[in-house]
Amino acid sequence: MLEATALAEGVRLQQVSYLEVKKMQCKEFRELSEAYLSDQLLVETNLTVYRHLEACSNCRADFAARRALRGRIRRAVMEQPEMAISPDFEMRLRSQLRDEAIREPRWKGLFRNPRLLIPIMTALLITFFGGYAILRNFDTEDALIVVSSGRSLASFLTEISIKAVGQHKDCALGYLDKWESGSLPISGPHARDAELVALPLRTNISNDFQILHSHDCLVDGRKFLHVIIKQGERVVSVFIEQTKDGEDIVEQAAKEDSIICEKENGLQVASFRVKGSAVFVVSDLPEPENLRMARVLSDSFSV
Amino acid sequence: MKWFGDDKEEKWRAFSEEAMPFLPDLFRVAMWLTRNKDEAEDLVQETMFQGMKSFHRYELGTNCRAWLMAIMHNLNYKRIAKLNRMTLVDDPEEKLMETIPFEPSIPDQITDEQVISALKSVPDTFRDVIVLSDVEEYSYKEVAAILNIPIGTVMSRLYRGRRILRQTLAEHARSYGFGGGREAAAG
């Protein structure tokens, strides 16, 4: 019955006009009041309703109460702290979405086809044993450092550098106003870690390095400590990989004194590996300055 | 498909600029749909991943907020169906409405907590429409598209939902000792 009433209201919304209904009755107003409250009436009908409200104090009081309640509901919901999204979740989700967006095609899907599985596995075995045989003949000092997945350290760092730059743009620069306003507190352990980054920079380069924020971020699905610092007007991100105890992506034989510098999307990235963790320094500083920061941090972290 | 090329960064940038600003809105509605922070976060996450996957179907510059909200409600229907918690509320509410003899007014002393509590007590079917229309300020047409129901049903549910809400708030007020007497007498 009420559905029928609502549909009738719908028809009325289309049909009622100022010319047709010069004087609205209270009963008609009540039928239209919900749609009027939601501002969903035609202009002509609005005018008719408005004139009725001017003339009828009972309907005016009733409508004012309904409108006040509507505003009250909206305000009460908007001001509930539990209804606000957490910044941590927002950043985590952004990072995951970005990783997903720029991820390479799902080559793993090939394995779902049993007809392709045998040749692929055969090729992988040949590659693995062939590669192992070749590497055994190399001088370990001069050979490329090989990551467990088969990538060199350089290609490993380069690949993640691109994502670190994206994370710097999305997180450090994207939320810069929040970091600068200090509205998001830094947890105790993160504050200590940030000091470990800022202190050697202040000691060795300049005293004006300011910590904006420190938190965990996902880059390429790996957990990194993300320290955002500022020197003058320049914002710098330092990403330090958080490896689990005993877990190391690159073999310990890695040359830990090499720093790789690259330019990605207009930003400088200096990356290096220390004590099993990959470290990325991202900024819009000139290459020598960005590299200098990476050197200072590399020396500091190696101790 | 015309709005971005094969560049993944460009695609991400477009999605990020169009969709990410609506995360707080999605989360707020998800909290009403799930009543649980973890589930709300899961629902928002699933919505955003689904939105990104289907972003080629979205026409840039149109109503991205309503588009994402529609995806979220669809996913929520599936979630509820999975949990096997689908309930029919129309008929009992129809009877409830018929038993409400008068339209009580709401005293000013009602607190925000009481308003939220009253809104929580409104049956899901009606509350979804109140939240979308009165809190999130979607038009009837947008609410109809999001919930995949006719505009007439939106109007009907909104009418009933608001009425239940007013009734509940009046009861709250009476239980706290203010308001309601005059209306009761009038009824």
Members of the stretch B:41-50 found to be within 9 Å of another protein chain (Cβ to nearest Cβ) and under 21 Å from B:GLU137 (Cβ atoms), listed by number:
B:VAL44
Which residues, counting only those in the stretch A:37-61, are farther than 24 Å from B:SER139 by Cα and at pLDDT below 85?
none
Does B:GLU46 satisfy the condition of being touching a residue at least 24 places away in the same chain (Cβ under 8 Å), touching a helix residue (DSSP H, G or I) at 6+ places or on another chain (Cβ under 7 Å) and open to solvent by 70 Å² or more (accessible area, probe 1.4 Å)?
yes
Residues that are open to solvent by 10 Å² or more (accessible area, probe 1.4 Å) and at pLDDT below 85: does the stretch A:163-178 have at least one?
yes
Are any residues in the stretch B:4-42 assigned to a loop (DSSP other than H, G, I, E, B) and open to solvent by 50 Å² or more (accessible area, probe 1.4 Å), and if so, which ones?
B:ASP6, B:ASP7, B:ARG35, B:ASN36
Looking at the stretch A:58-81, which of the residues that are at the interface with chain B (Cβ under 7 Å from one of its Cβ atoms) and in a helix (DSSP H, G or I) is farthest from B:VAL131 (Cα to Cα)?
A:ALA65
Residue match in the stretch A:87-107 (condition: assigned to a helix (DSSP H, G or I), without any contact (Cβ under 8 Å) to a residue 24 or more places away in the chain, within 8 Å of another protein chain (Cβ to nearest Cβ) and open to solvent by 50 Å² or more (accessible area, probe 1.4 Å))
yes
Of (1) at pLDDT below 85; (2) closer than 20 Å to A:LEU93 by Cα; (3) open to solvent by 50 Å² or more (accessible area, probe 1.4 Å), A:VAL219 satisfies all except one. Which?
(3)
Look through A:VAL236, A:VAL250 and report the one residue that is modelled with pLDDT of 80 or more and of a type in the set (Val, Ile, Thr).
A:VAL236
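The values are calculated or read from the model by the stated rules, or taken from the named source; none is laboratory data. Note that this is a predicted model, so its numbers are computed, not measured. So basically every Cβ, Gly included, is an ideal-geometry build from the backbone, and we count neighbours across all protein chains shown. Quick note on the areas: whole protein, heavy atoms, side chains included, nothing else; ligands and nucleic acids left out. Shrake-Rupley method; radii C 1.70, N 1.55, O 1.52, S 1.80 Å.
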